[in-house]
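Have a look at the structure below before the remarks.
The values are calculated or read from the model by the stated rules, or taken from the named source; none is laboratory data. These figures come from a predicted structure and were not determined experimentally. Cβ sites come from the backbone with ideal geometry, for glycine too, and all protein chains shown count toward neighbours. Side chains are part of the model used for accessible areas, which takes the heavy atoms of the whole protein and leaves out ligands, DNA and RNA. Shrake-Rupley method; radii C 1.70, N 1.55, O 1.52, S 1.80 Å.
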Amino acid sequence: NVESIGKYNLVFGSLEGVQPSYLGGIVDKIKEKVKNVIVFITSNSENGISFVSGTNAKEIDLQKIVKEMSSLGVKGGGRPDFVRGSITDIEKVKSYLKNTLSST
């Protein structure tokens, strides 16, 4: 499900029962097919909610965005174009991403 926000495309999804280690491959497949995309995929596990996020938009720094979302219960890290970690509230993160992209 691709949502256009300004010049970007946001794919935000939740997958139940998917091992976090598989999420990176899913993100990469979406990045290959959609231009100017930010992908954020979550998966629930016994350890909480894991996420993987990736982008092919050069001007988006996901490391910076994850740090900015730490007050929302987001923990994680990685590279500017690919991060992984854990979150506590999916809806707050989704709203933050939409607001960030619409003001970029």
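A few comments on the model shown:
- Within the chain, percent of DSSP bridges classed antiparallel, to nearest 5: 75 percent
- Whole-percent carbon and sulfur share, accessible surface of the chain, 1.4 Å: 49 percent
- In a DSSP loop and with at most 15 other Cβ atoms within 10 Å, the trypsin sites (Lys or Arg not before Pro) in segment 9-104 are LYS35, LYS58.
- Note on the chain: with a GNM built from Cα contacts shorter than 10 Å, the maximum mean-square fluctuation among ASP81, ASP28, ASP89 falls on ASP89.
- For the chain, accessible area per residue (1.4 Å probe, heavy atoms of protein chains only), Å²: 56 Å²
- Computed over the chain, relative contact order equals 23 percent, with contacts defined as Cα pairs under 8 Å that lie 6+ residues apart.
- Dividing the alpha-carbon radius of gyration of the chain by the rule-of-thumb value 2.2 N^0.38 Å gives 0.96.
- Residue among SER50, SER86, SER71 with the largest mean-square fluctuation in a Gaussian network model of the chain, springs linking Cα atoms under 10 Å: SER71
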